[in-house]
Amino acid sequence: MNKQDKKKMCIGCRDNFYNGNNDLGVKECCSLQSAKPVLKRRVLTSERPPWTAEPELVLSCRREVGYVFVDKNQTC
């Protein structure tokens, strides 16, 4: 996967700020180079198990406010 495709997957990640979306001159998130696409479940931090969200393809470093990303087979 090339860098441009990875950056498209960064939209919505709290660290996308570092992909040139700032006035600090930072052009790239430090996790982008090693990020890999993986299947994970997006779970609300307030949600009780069992988690039933369908796995989705996200970058391995993905972070969102109010969510955690767990293994695709994890239900609790």
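The values are calculated or read from the model by the stated rules, or taken from the named source; none is laboratory data. Values in this document were obtained by computation on a predicted structure and should not be read as measured data. Every residue, glycine as well, gets a Cβ built from its backbone with ideal geometry; the counts of neighbours run over all protein chains shown.
See the values below:
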{"read-out": "Candidate set: region 19-76, residues that are hydroxyl-bearing (S, T, Y) and within 17 Å of N2 (Cβ to Cβ); chosen: the one surrounded by the fewest Cβ atoms within 10 Å (Cβ to Cβ)", "value": "S34"}
{"read-out": "In region 51-76, the residues that are within 12 Å of the chain's Cα centre (by Cα) and of a type in the set (A, V, I, L, M, F, W, C)", "value": "L57, V58, L59, C61, V65, V68, F69, V70"}
{"read-out": "Out of R42, R48, sole residue that is at pLDDT 95 or above and touching a strand residue (DSSP E or B) at 6+ places or on another chain (Cβ under 7 Å)", "value": "R42"}
